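The values are calculated or read from the model by the stated rules, or taken from the named source; none is laboratory data. Quick caveat, the model's predicted, so the values are computed rather than measured. Note: ideal-geometry Cβ built from the backbone for every residue, glycine included; neighbour counts use all protein chains shown.
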Amino acid sequence: MKQDWKPGTMIYPLPAALVSCGSCEEEYNIITVAWVGTLCTNPPMCYISVRPERHSYPILKKNMEFVINLTTKDMAFATDWCGVRSGKDFNKFQEMGLTPGKAAMVKAPIIEESPLCIECRVKEIVSLGSHDMFIADVVNVKADTRYLDDATGKFDLGQSNLLVYAHGGYYELGEKIGKFGWSVEKKKK
């Protein structure tokens, strides 16, 4: 049996991402964003959606650059804290013991503790209602070498204990149960 509900945003889980912004140390800020995702593979594009009243909003709009920093189980407390505290009142990097690092292609800092930092340059801002969507080109990705497989050289993000957000809660991912295309692979005899 299914029950009808009023329309709402129930597409879960989502990455619990820390988005870093600002062009200089005095302006650096971190905002926790779950409304984040991929838009296109080629060219690589993504988005974040931010409420205009958030402290980071004018920083994002002014600089038109940001970094999406994926988070881990070890970063869960900082991820939540950065989402409920305002950068106008706190230096979130200092308060949470996070390390701002140098990005390769944008002025916004990366978060060194993140396993994957996605540097973005805004193409367009779309007003949608409660949130504005920042549509961006991915201009560089920084991957933590701790998650490189020594034998294959492949990046294994699954080993980083990624953090996800689902309907008001934070969760770690479970066990891998398959890979893309495994359902149609020919079985070995």
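Pairs meeting the criteria (first residue in the range 166-179 and at positive phi, second residue in a loop (DSSP other than H, G, I, E, B), beta carbons under 8 Å, at least 6 apart or on different chains) are His167/Met10; His167/Tyr12. For the range 141-186, taking the residues that are outside any strand (DSSP E or B) and touching a Lys or Arg at 6+ places or on another chain (Cβ under 7 Å), the one that is surrounded by the fewest Cβ atoms within 10 Å (Cβ to Cβ) is identified as Gly158. Is it the case that the range 125-137 has a residue that's closer than 15 Å to Thr71 by Cβ, part of a loop (DSSP other than H, G, I, E, B) and modelled with pLDDT of 95 or more? Looking through the range 125-137, none of the residues is closer than 15 Å to Thr71 by Cβ, part of a loop (DSSP other than H, G, I, E, B) and modelled with pLDDT of 95 or more. Identify, please: which residue in the range 53-84 is under 29 Å from Glu124 (Cβ atoms) and among the charged types (D, E, K, R) and is, among those, nearest to the chain's Cα centre (by Cα)? Looking at the filtered set, the residue picked out is Glu65.
Identify the residue in the range 18-37 that is touching a His at 6+ places or on another chain (Cβ under 8 Å) and hydrophobic (A, V, I, L, M, F, W, C) and, among all such residues, is nearest to Lys102 (Cα to Cα). This residue is Ile31. Among residues of the range 126-150 that are free of Cβ contacts under 8 Å to residues at least 40 places away in the same chain, those with a beta-carbon under 6 Å from a residue that is among the small types (Gly, Ala, Ser) at least six positions away or on a different chain give the pairs Asn140/Ala104; Tyr147/Ser160.
Only one entry of Asp149, Asp156 meets the criterion of being acidic (Asp, Glu) and either touching a Phe, Trp or Tyr at 6+ places or on another chain (Cβ under 7 Å) or modelled with pLDDT of 90 or more (or both), and that entry is Asp156.
Taken together, Tyr57, Tyr12, Tyr28 contain a single residue that is aromatic (Phe, Trp, Tyr), surrounded by 16 or more Cβ atoms within 10 Å (Cβ to Cβ) and closer than 29 Å to Glu172 by Cβ, which is Tyr28.
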